[in-house]
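Shown next, in structure tokens, is the structure this report addresses.
The values are calculated or read from the model by the stated rules, or taken from the named source; none is laboratory data. Since we're looking at a predicted model, the values are computed, not measured. All Cβ positions, glycine included, derive from the backbone under ideal geometry; neighbour counts span all protein chains shown. All accessible areas refer to the heavy atoms of the entire protein, side chains included, with ligands and DNA or RNA removed. Shrake-Rupley method; radii C 1.70, N 1.55, O 1.52, S 1.80 Å.
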Amino acid sequence: MEQRRAEQQTDAWKERYDARAGMEGTISQAVRRTRLRRTPYRGQDKTHLANVLSATALNIIRAAAWLNGTPPGTTRASHLARLTLAA
């Protein structure tokens, strides 16, 4: 456990984690915004087209937010954390 914690303090580990966090955020946004997990189509070709359109929609959403100066969202707090912040 101590060895893993020490490894997490290295710059190489932080770079790998930053890349993963970015990918996870993109997947999360795609699932929430475009219902990526539930395609209404049957067949690989139609599903692929739906995925491409979803990725295009995300790019448009992100470009519009950037042009409008909307800051990226912050990390959400759990219900319990919100209760402790309110107290």
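Of all residues in the range 45-87, which are β-branched (Val, Ile, Thr) and either part of a helix (DSSP H, G or I) or over 20 Å from the mean Cα position of the chain (by Cα) (or both)?
Scanning the range 45-87 gives 47, 52, 56, 60, 61, 84.
Go over the candidates 37, 4, 42 one by one and state the one that is in a loop (DSSP other than H, G, I, E, B), more than 21 Å from residue 76 (Cβ to Cβ) and among the basic types (Lys, Arg).
42
Does any residue of the range 30-48 turn out to be open to solvent by 60 Å² or more (accessible area, probe 1.4 Å) and of a type in the set (Val, Ile, Thr)?
no
Among (1) surrounded by 10 or more Cβ atoms within 10 Å (Cβ to Cβ); (2) free of Cβ contacts under 8 Å to residues at least 24 places away in the same chain, where does residue 61 come up short?
So the condition that residue 61 fails would be (2).
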